[in-house]
Every structure is written in C-alpha cells, then in structure tokens.
Amino acid sequence: MKVKQDLLASSEFDVYSSVPPSPYDTAWLSMVPNPQQSDQPLFQGCLDWVLQHQNREGFWGENIANPTIECLTSTLACIVALTTWNVGHDAIQRGLAFIHGNTEKLLEEQNGSFPEWFAIVFPAMIELAETKGLHVYFSNGLVEQVFLERQEILQTRRWVSGCGQQHYYPELMLKHLEDGLIQSPSAIAHAFMKTGNKEFLVKLNSIVQTCGYGVPAVYPLDEDLVKILLINRIETLGLAEHFTEEITSLLGQVYRSYISCEEPKSMAKNAMPLQLYKHSLVFRLLRLHGYRVSPRNFCWFLEDEDIVAYIEEHQELFLSAMCNVYRATDVTFTGENQLEDARAFSRKILEKETMKDCMNLVRPISMTNLQGQIKHELSIPWLARLDHLEHRRCIERKETLGPWTGNSLSYRLLSCESNAMLVQLAIENYTLRQSIFRNELKELERWSKEMGLADMGFARQKTTYCHFAVASTASNSFLSDVRLAVVKSAILVTVADDFFDTEGSMDELEALANAVNRWESKGLTGHGKTIFNALKDFVDEISGKFFNKNGYDIKAYLQDLWCQTFASWLKEAEWSRNGHAPSTVEYLQVATSSIASHTILLPAAFLLNPPPEIDILKKRQPLTNSLMLLTRLLNEIKSYQKEQEEGKPNLVLLYMKENPNLGVEESIAIVQKTLDEKKKEFLELALSSNEMPEACKRLHLHCLKAFQMFFNSTNAFDSPTELLADINKAIFDPLRVEDVQGSFMPLNSLQNTLGLKKDKSLASHGKSHYSSSKPCNGFFKSTCAIKVQGNSRKDLVTKPYSRILSLEMRNPTIYTTFSKPKAYIY
C-alpha cells in the first residue's frame, strides 16, 4: 500500500521522515561558514537543498498552489543564503521577482492583522537582505505597517517567545540558547555564527545527521506529538479502518510514554501551550481506544493560580491547547471532577474567542480554521456528531496539520505532497462509502416494499432517516451487513410502534403481541400479519447467517428479545387508552424497553466479528441497560409536548404530576441532569469495560450517537426536512474539495491502493462497490445521461429530467451525470 509505505515505512516509525523540511531553517544552516575554511559553507548539502527546492513560481515553501506569508520569509532567507555564497544567480532573480510581485497581495490577505512572528521576522529578513546588497525593500503601506508593528512589539516587550516563534528571529533567542531551551535550527545556526560556541556546532551537526540536509523547523522533535498528530489526522479523515495495525502500534508507544510521564513540577511558560495540546490529545485518543488513563497529565495546570492567570492573559497562545482540552473532556467518566473543571475553564476561554469573532475584530488569517473548529466544538456536542459527516467536514476544510501556538505552526506534520496523498485517499474512501451506502439503501427499500412495510399508510416512512443515522455512525465499509440489520430492525420498530400508538385496536394489538410470544401468525390479519411476517423474515435471516458462520442457533434469543419489546408496547397502549398515569419508576421499567434501542442493536451485533457470546447478552449487560435508559431520556425531553397532546405518558410530565411545584423547565432540568450523569457511566462502560467484545461496545456507542443526533436540539426524527441537507451530504452529494495537489486516482484504483476486497454482502445484487457518480458542472439539465449499474451493456441512456430524478431517488445504484442528487424521504 503506497500510502503506508510513504508514511509508515518501517516498524520503527521515523518521526523525522514524516515532518517536512523548513526552507527557512535550511537556509540558515546553509549560511553557516566552515570554521576551517570560511569561504565555504559548513553544510554544503543544505545549500544544495536550497538550490534544488525553489518552486517554479520563484518562491521557497510548501504550499505550491497557494503561497502564504511564510513563503515571503522563507524566500528571503533562501536568496540571502544563495547570495552569501555567490551561487544560484538565476534562482535569486526569480526569488526577488516573487518578493516584488507578491508581497503586497500576500500582505493584503492578512486583513490588516499580522501574526507576531511575521511582524518580527519579515522586517529583520528584509534588513538582512539589504545588507547583502539585495534590494528587496519597497515603499508600501502594508510593508511599513509590518515594520511599525515590530517596533511596537519590541518596545512594549509584549512578545512571548513561544516555540512556534523561536526560529524566526534568532537574535532575541541567544539567552534561551545558552540555557538549552531553544529547539529551532535557524536560531542555533545564528547563535553559532554570532558566538562561535562549540556547543551550538555540536547541535547543528546532530540536526544534519538526524534529519539530513533538509532540516525541520523544530529539533529535536517531540516524537510522541508527531505520532499522535499523525494518528489524529488519519482518523479525522476517515481512514482509520485501513491503518488499524499502524494506529495500534503507535498508540501503544505513546501510551507507554504517557503513563511514565511525571507531573511537571515546573515548566517554561513558552512550552505550556504545546504540552497541554499534546497531553490532552493523547488522553482523548488513548481513552477512545480503550486505554485506562488519567487526565492528571494535562489537568494539573488548574491547581496553579499563576498558570491559570497566565493562560487567561495570553489566551490567544493557548487557543489550540484549550480547544484540545475541551475535546478531551468529551470522554469524562463519573466522578472525574478534574475533567469537569477543565471543561468549564476551557469553554470559558473558547467562548471569549467566539465573542471576539462576533465583534468583527480583525484576526490573523491563520486563525480562520481554528476559529471555525472552536465554533463547531462549542455548538454541537461530540455525541451528537456523526463520524461520516465529520470526515467530510475535515476533507473539505483547509485544516491545519498541527497545533497553532498563537503566532505560527510549530509542528507541520506532513509535507504538502504527503498530505495531498492522504486527502486524496480520504476522498476516494468517502466516495466509495457513499457508493456502498446507496446500494444498501436500495436493498432496504426493496426489502421494505417486499415485506409490505412501505405501503402501510399510517406508519412513518423513515427508511432513509434510519439508514442515514446508522451509515453515518457505523461507516466502515466492512460493516455493510451490520448496517442492513440495524436499519431493518429500526424499520420494524418504527412501523410496529406506530401501529401500537395510533392504528391498531386493542384486540389487534393483543393478537399481535400474543402471536409474537407464540411465534405463530395464526389468527392475524391485515397490518398485524404484515408486521409479524416481516419480523419473522428478519429473525430468520439474522439467525440463519449466524448459524452458517458459527454453528449454533440464536433464534430463540431473538424471538424473546422481540417478545419483550412487543409486550412493552402493549403495556403503554393500555396506559394510554385507559388514561392511566404510572409512577415514574413503573414507567421507566416499561419505557426503557419500549424505546427498543436494544432491540435495534443486539440482533445486528451477532453479525460483528467477533460476535458477542449469547450467554453474555442474555444477562442484559450494564452497557446495554445504560443505552436503553439514555435513549429513552433523550426521547422524553424532546417529545413531551407531542405525547401530552396525544394523552400518552412521558417522564417529564410524570415528574410534574408527582411534584406539583415543578414547572416544565424544572422537570426537564431534572431529566437532563440525570441524562448527563448517566452518559458518563455509559462512556466508562463503552470505553473501558471488558464485558463484551470491542466491536460490540463500539456498536452501542454508535447507537447512542444516532439517538443523540436525532434528539439533540429538536425531535429531528419526526421532522420531514431538518435532516435533508445532512442526508444528501452523507449519501448523495459529491465532495467539494479544492486545492488538493495531484491528479485524482480513478475510483476503482482505491481497491488496490487500500488492498480492499469487494464486499460479498452486496455482490448478490450484481452491483459493484467501485462505481460512482461523475457529476457534471452546472445545474440540472432537462435531459441527463445515466449509467445503470449492474447492466452488462455500457449504454448511455437519455431520459427526461423528472424521470431521471425519480430513478436516482428510488434507485441509489443508478448514478446520474448531473450534480447533487437529492435524498428522497421514503
């Protein structure tokens, strides 16, 4: 696999091979004269690197498609280095042309607000270039503004020397170098040229020996940070399923470092943002992967009043760190007060930043992505986010690849080429998943129609909604059979629940519940018979697949599971029609079963690899009980008004009945508090218990996230329009990606790139998972060409627009050549 070979080539992961060279720092090393022969460079290889890595447009820097202000400082350093040794005259002229032709444009892009590192470095490099006889200064209001900002920074001594700035103005760093605090090759090179100190020479030789002649911006690298950043990048792009072994290996290495890390007794303040960023990210990823870890490694700062005050005073430097701290608290367990305090503090810092944005203050352009991420984190709870859509968001956004320490990126994780390769892989992977999802949706529609569930008339038709929620949480391509089973359960639950709520007479409901108990359809007619036959077909399918693979029968367990659920629906129907208001305890005993989250989940769990042991599930594990309670509480808070109108019991209303002094808001607050506490218990069971296989625990978490999404701010499940945009993004709409370097691979090349095999679960339908829509630009045309998958002929058929749209909606495996097919709510 090419990507694995390029990024993770050996069992001993070399962090320096993953971090791109810094033209700025390499140029500084190339300026160092040989102590034995001062008219020759000490590191000829660094000078050669500078000569070989000028871009066609004349600048030095990674972002070929979109040069940034960092390209200005890098280009200035490189032409100074070439001038120092009187080589590369053509390269110098091209560099000067870039500086003169692009400085004003790049400065304008900063919206009048320049990062402090740039305000320090850019004027200094212009002055250094002028001393070399390079005429780079030109009268321009924006250039003069940068010089004025430097003067203000130095006069007020407000420049905080974070490690992201060290390499940009070496003159100010000599004292720190003497103390061994500097990790910047450029600063070390300048210090050696200034002092001749042999300790600096030893450091320079070590840098070149370790990194080669293209040196990074930071040395030595924090190897654990680079590893965890790479893991995070792979996971946020949605590629984790293809790097399982590599992620497991790297996380094991990081875990050993994390648990051996002592709480810092003292730490240089300039090192704090990066350390908090690192340790909070490590904690989050380790906990999500099932490691038992303490938050102490990054929560310690809350106990030091001076550090808290320092963070509040320099909060811009700590934005990336606080964003990561906040994200780490998403996985808080019961009783972890430190994490709760950290969440409150970090949220306060982040909310202040969003308030600045609302005030339309001018901010450095480099903060744009970070500000967007902060808003996203604060507005949507982690449990309400769907992984598949989060992957899309990461792919489509121009996100930074490392921590932002206030003024610059101190860790650029990947070269542009390597990052483009990962992003391209993510694009193909996302498109492949969409193709699989469309096939699944067609199969579900076929099954629902064949079973008679699609034409019941009274029932909510939520096939697309249910599939969207399941596919967007359990999105790995190899989980197709599991997704189909979960959605079929959800369709049955929705139809049967509506039958018990609104359609069936008590005689019909009792007859159906009794038939499920006997597992015999005798005496059933109409809708009751249709529901039972569909249920029987589903149970036979799941139990048959399981028996063929594992050699023993689970049918009796599945029958009992559904029998209990139908009994709970019957009990609620009796309460509703008799006007009975049960106690809250009595209600929850029934309602946690009638929500049917376990009934939706557990049959599909038997199709996981490995499946849970049936004896374990028969005992109704605490994780499953927790899921049942949480999903019921989520539903109660958002549906009490509807159920009040329909005369049905609801926990919010029952609390008010038992406590007449409570109003609606107070009653909701009680339920919400219980919900919040129980979520912590659930997360601990899902992430750190050993009661069931990891895949089964993960499926429980997926189920909770789907329910949380449906009932986060409103009852989106019953809304006909609220989820349409997200459904289209998840299943139908092509990705919108700009500025990805390199040509796109053909879609079917992903099979070889990832080493994938076709999913046999859908092979029987004659559909290929490696086909995709190829949308044309522009709006819908009156006629469009379509390619019908599975057809042996590769004919292009032209049909009227309205017919094509209908075909696309009802047959997701027919891919049109027009853009943005829209979801049809079945």
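Readers should treat all values here as calculations from the given coordinates under stated rules, not as data from a laboratory. Fair warning: this is a prediction, and the values are worked out from it, not measured in the lab. Backbone-built Cβ (ideal geometry, glycine too); neighbour counts: all protein chains shown.
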Treating each Cα of the stretch 241-320 as an identical point scatterer and ignoring solvent, apply the Debye formula and state log10 I(q)/I(0) at q = 0.18, 0.20, 0.22 Å⁻¹. -0.79, -0.91, -1.03
Subtracting the Cα-Cα distance from 0.36 nm times the residue separation, let me have the gained length for E245 to S113 in nm, one decimal. 43.1 nm
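Over the alpha-carbon set of the stretch 426-732, divide Rg by the Kirkwood Rh and report the Rg/Rh ratio to two decimals.
0.95
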Can you compute the modelled spin-label distance between N86 and S576, with each label point 7 Å from Cα toward Cβ, in nm? 9.3
Value in Å of the Kirkwood radius, where the stretch 20-211 supplies the Cα pairs that are averaged: 16.9
Cα gyration tensor, the stretch 440-581 - rounded (a/c under 1.5), prolate or oblate: prolate
Amide proton proximity set for N715, modelled H, under 5 Å, gap of 5+: none
Across the alpha-carbon set of the stretch 223-423, Rg over Rh with Rh taken as the Kirkwood radius works out to 0.93
What distance in nm lies between label points placed 7 Å from Cα along the C-beta direction at K449 and L662? 4.7
Unit charges on C-beta of K, R, D, E only; dipole of the stretch 89-161, Debye: 180
Can you work out the Karplus-derived ³J(HN,Hα) for every residue in the stretch 715-729? Use 6.51 cos²θ - 1.76 cosθ + 1.60 with θ = phi - 60°, whole Hz, and x for glycine or proline. 8, 5, 4, 8, 7, x, 10, 4, 9, 4, 5, 5, 4, 4, 5
Tell me which aspartates and glutamates have Cα within less than 14 Å of K729's Cα, excluding those fewer than 8 residues away on the same chain? D387, E390, E396
In whole Hz, the Karplus estimates of ³J(HN,Hα) for the stretch 554-568 (6.51, -1.76, 1.60; θ = phi - 60°; x where Gly or Pro) are 10, 4, 4, 4, 5, 4, 5, 4, 6, 4, 4, 5, 5, 5, 5
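Determine the dipole magnitude for the stretch 415-483: charges of +1 sit on the beta-carbon of Lys and Arg, -1 on that of Asp and Glu, nothing else is charged, the reference point is the Cα centre, and the result goes in debye to the nearest 20. Provide the component values of the computation, followed by the final result.
On the way: 8 positive and 8 negative charges, 51 e Å.
Value, rounded to 20: 240 debye.
Taking a threshold of 27 Å on the Cα-Cα distance, which of the pairs K619/K678; K545/K618; K269/K680 fall above it?
Working: K619/K678 20 Å; K545/K618 19 Å; K269/K680 33 Å.
Too far apart for the 27 Å limit: K269/K680.
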